[in-house]
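In what follows, a structure is listed as C-alpha cells, so that the remarks can point back to it.
The values are calculated or read from the model by the stated rules, or taken from the named source; none is laboratory data. What you see is a predicted model, and the numbers here were worked out from it, not measured in a lab. Note that each Cβ is placed from the backbone with ideal geometry, even for glycine, and that neighbours are counted across all protein chains shown.
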Amino acid sequence: MILVATGTTGFDHLARAMDRLAPALGEAVVIQIGAGQYVPQHTEYFRFAPSLAPYYAAAALVVAHGGLGVCLEALQAGKRLIAVSNPDRHDQHQQDLLSMLAADNYLIWCRDIDRLDQAITTGRQIALRPYHQPECSLHLRLREYLAGLDAARSEPQGLGKPPLWRRIRFTRGDPR
Amino acid sequence: VAWHVARSLWEAARIVRGARPDVILGSGPAALVPVALMGKLAGAKVVFVETGSRISELSLTGRLMLRLADRFFVQWQRLQQRYPRTVYAGRLL
C-alpha cells in the first residue's frame, strides 16, 4: 500500500496528482486529505486520524507533503519516503527541510509535482539512508536550567533585586 | 495592527499579573511574544523552544524571542551553529 499524507491543512495538488496516478501504480493507495477540497475518485481516502502509525505500518511507500511531523514519522517507521513541498504555504521552510533531508539521502525530494510518477519509480528502487532519531535531552537540559534558577534564588543575593516593574505594577501583597 | 499589539500586550499583562510566573516556557506560536515580554518585565525567566520545522533560519517568533529569552533551545544543530546563543538538545519529534 502507498500512503499519501497531505497534512492537516490539506494539499489538493498532491491529492489530485496521486489520485490520477493511482490506477497505474499497481498498488493500493490511501490518501489522507486533511481539510483539502479535492476528494479522490480512484483511491481510498480519509481526512484525519488520531495517529498515522497503523497506516505507516501497512505502507511500503509514503508520499507526503514537506511537514516535519509526517516526514520524520515516516522515516522513523523505516519507510521509503517521497516528499513534495507545498508551495501554498506562507514561507519556504518545507523546502529548507526537504533539501537538507534529500541532500543526506534520507528521502526523495520531488520538486516538480508533474514528475511525481518518476519520483515514485525511483523511490521504489533506490537505496535510501536509514534515519535515526538523535537523542533528545531537552527535558534534562530544562530541568538543569530550572534547578540552576532555584539554587540562585536560595542564595543570599537571590536572583538580584526584583525589577522595578515588578515592585510597582505587578506585585500585590508581600513580594516573595 | 498597532491596536492589536496594544490590545495583546494589555491582555498579556493581565495574564502575567494573575499567574505571577517564575518561569515562562513557550514554543512556536507568535501569541507567546506579548506574554513573554510582559512576563520578562515582571521578573520572570523566559525559556523558548524553537519549532522543529526550522532548520537553517529562525521563525519570526524565534527572531523576536532571541532578544527576550533567557534560554533558547533549537532542534537542529545547523540552526545552533548559525545562532551561537542558542542551545541544541535534540529533537522532540
Of the conditions (1) of a type outside the set (F, W, Y); (2) crowded, with 17+ Cβ neighbours inside 10 Å; (3) in contact with a Gly (Cβ under 6 Å, 6 or more places away or on another chain), B:L93 clears all except one; give me its number. (2)
Return a yes/no flag: does the range B:63-73 have any residue that is modelled with pLDDT of 95 or more and under 22 Å from A:C71 (Cβ atoms). yes
Counting just the residues of the range B:7-27 that are in contact with a strand residue (DSSP E or B) (Cβ under 9 Å, 6 or more places away or on another chain) and more than 11 Å from every other protein chain (Cβ to nearest Cβ), which one comes out farthest from B:L93 (Cα to Cα)? B:I24
What do you reckon, is B:L32 closer than 19 Å to B:F72 by Cα, within 13 Å of chain A (Cβ to nearest Cβ) and free of Cβ contacts under 8 Å to residues at least 40 places away in the same chain? no
Keeping to the range B:18-70, report how many residues are among the acidic types (D, E) and more than 16 Å from B:Y88 (Cα to Cα). 1
Condition met for A:Y55 (under 16 Å from A:T6 (Cβ atoms) and in contact (Cβ under 8 Å) with a residue 24 or more places away in the chain): yes
Filtered residues of the range A:134-164 (kept if modelled with pLDDT of 55 or more, farther than 30 Å from B:R78 by Cα and assigned to a helix (DSSP H, G or I)): A:D150, A:A151, A:A152, A:R153, A:S154
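In a helix (DSSP H, G or I) and either under 15 Å from the mean Cα position of the chain (by Cα) or buried (at least 20 other Cβ atoms within 10 Å of the Cβ) (or both), is that true of A:L81? Before the answer, list the steps.
Values: in a helix (DSSP H, G or I): no; either under 15 Å from the mean Cα position of the chain (by Cα) or buried (at least 20 other Cβ atoms within 10 Å of the Cβ) (or both): yes.
Judged against the criteria, A:L81 is not a match.
State whether one or more residues within the range B:52-65 are outside any helix (DSSP H, G or I), in contact with a Gly (Cβ under 8 Å, 6 or more places away or on another chain) and more than 22 Å from A:D96 (Cα to Cα). Lay out the reasoning, then the answer.
The initial filter retains those residues of the range B:52-65 that are outside any helix (DSSP H, G or I), namely B:52-59.
When the remaining residues are screened for being in contact with a Gly (Cβ under 8 Å, 6 or more places away or on another chain), the result is B:53-54, B:59.
Next cut, more than 22 Å from A:D96 (Cα to Cα) only: none.
The answer is no, given that none of the residues of the range B:52-65 is outside any helix (DSSP H, G or I), in contact with a Gly (Cβ under 8 Å, 6 or more places away or on another chain) and more than 22 Å from A:D96 (Cα to Cα).
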Top-ranked residue of the range A:107-128 - restricted to ones that are outside any strand (DSSP E or B) and in contact with a helix residue (DSSP H, G or I) (Cβ under 6 Å, 6 or more places away or on another chain), ranked as farthest from A:I2 (Cα to Cα): A:I113
Just to check your reading of the model, which residue among B:A2, B:A6, B:A42 is under 14 Å from B:L68 (Cβ atoms) and hydrophobic (A, V, I, L, M, F, W, C)? B:A42
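Has the range A:14-34 got at least one residue that is under 18 Å from the mean Cα position of the chain (by Cα), assigned to a helix (DSSP H, G or I) and not small (G, A, S)?
Going through the range A:14-34, the residues under 18 Å from the mean Cα position of the chain (by Cα) turn out to be A:14-15, A:31-34.
Keeping just the survivors that are assigned to a helix (DSSP H, G or I) gives A:14-15.
Subset that is not small (G, A, S): A:14.
Checking the range A:14-34: at least one residue is under 18 Å from the mean Cα position of the chain (by Cα), assigned to a helix (DSSP H, G or I) and not small (G, A, S).
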Any residue in the range A:128-151 that's away from chain B (no Cβ under 11 Å) and in contact (Cβ under 8 Å) with a residue 12 or more places away in the chain: show its pairings with residues that are small (G, A, S) and in a loop (DSSP other than H, G, I, E, B) at Cβ separation under 9 Å, as long as the two are six or more apart or on different chains. A:P130/A:G78; A:Y131/A:G78
